[in-house]
Amino acid sequence: MKLFVLKRKMFTAGACLLLAAIMLGVVNHPAIVGAAATTRQLPIYCVQRDQKMLSISFDAAWGNEDTQQLIDILAKYDIKATFFVVGEWVDKYPESVKALHDAGHEVMNHSDDHAHFTKLSKEQMQANINACNDKIEAVTGVRPLLFRPPYGEYDDNVVLATRDLGMEPIQWDVDSLDWKDLSATDITKRVTSKVQAGSIVLFHNAAKHTPEALPGILECLLQEGYTFVPISQLILPQPYTMDHTGRQLPADPQ
């Protein structure tokens, strides 16, 4: 999935409960429910929400040419987003990481070096995640609780290794495909036609037409009555279940 690498040379109730899980050393793995339920482990792709609420996210791995522009656009509409950053990006652009945090955006983990996690051992994965967490915490003072696997690649081992650290693995259900250098019009059509309540939208910083497309997308969705929140405010606290598509669901009251 994220060929963007090659192309470019290539907290809320939920957050508090996740933090409590870390401190207590307790990790709950959600059950997969539904007709097609299996024992497969899934990250969160989207969330069952009755309200018209969604999250927009940006992956930051290489370029930095438009980070401040994205901050300015989001500030204009008073919208907070979630930025998944690579540890090596933090090393190169600590001032941008601080600017994102100071503007009220979540800065979360996208690995330390954009490795293929499905090829790593559990110990290697967790060391990689913690190395990025350390770098983000050193700049922002906040330790990430969310992780997005590089390239969108995961298997059971990646998901379990992440949750065993007390973190939630996060995917997306709406891909802007901005990494393909789609036009601003095409990006806008893709996002606005696919968003639903509880969606997580994927963008990238340093994508060619995202700053051009973003204002129109935000205005359209605001007019449709959507509220934008960071991902930690969109996801549900433990206990919860998930369906076979990766949609997070409230736990069944028993």
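The values are calculated or read from the model by the stated rules, or taken from the named source; none is laboratory data. It should be emphasised that the depicted structure is a prediction, and the values quoted were computed from it without experimental measurement. Neighbour counts are summed over all protein chains in view; Cβ atoms, including those assigned to glycine, are modelled from backbone coordinates with ideal geometry. Note: areas computed on protein heavy atoms with side chains; ligands, DNA, RNA excluded. Shrake-Rupley method; radii C 1.70, N 1.55, O 1.52, S 1.80 Å.
Some observations on this one:
- To put it simply, the accessible area of segment 81-231 at a 1.4 Å probe is 47 percent carbon and sulfur.
- Based on protein heavy atoms only, the chain ends up with 43 Å² per residue of surface accessible to a 1.4 Å probe.
- Rg/Rg_ref, segment 60-202, where Rg_ref = 2.2 N^0.38 Å and atoms are Cα: 1.05
- Convex hull of alpha carbon positions in the chain: directionally averaged projected area 13.0 nm².
- In loop segments of segment 137-218 as defined by DSSP, the GluC sites (Glu not before Pro) with at most 15 further C-beta atoms inside 10 Å of their C-beta are E153.
- Each part gets one Cα centre, and for segment 162-222 versus segment 59-79 those centres are 13 Å apart.
- Stokes-Einstein, applied to the Kirkwood radius of segment 40-119 over Cα pairs at a viscosity of 1.306 mPa s and 10 °C, places its translational diffusion at 113 µm² s⁻¹.
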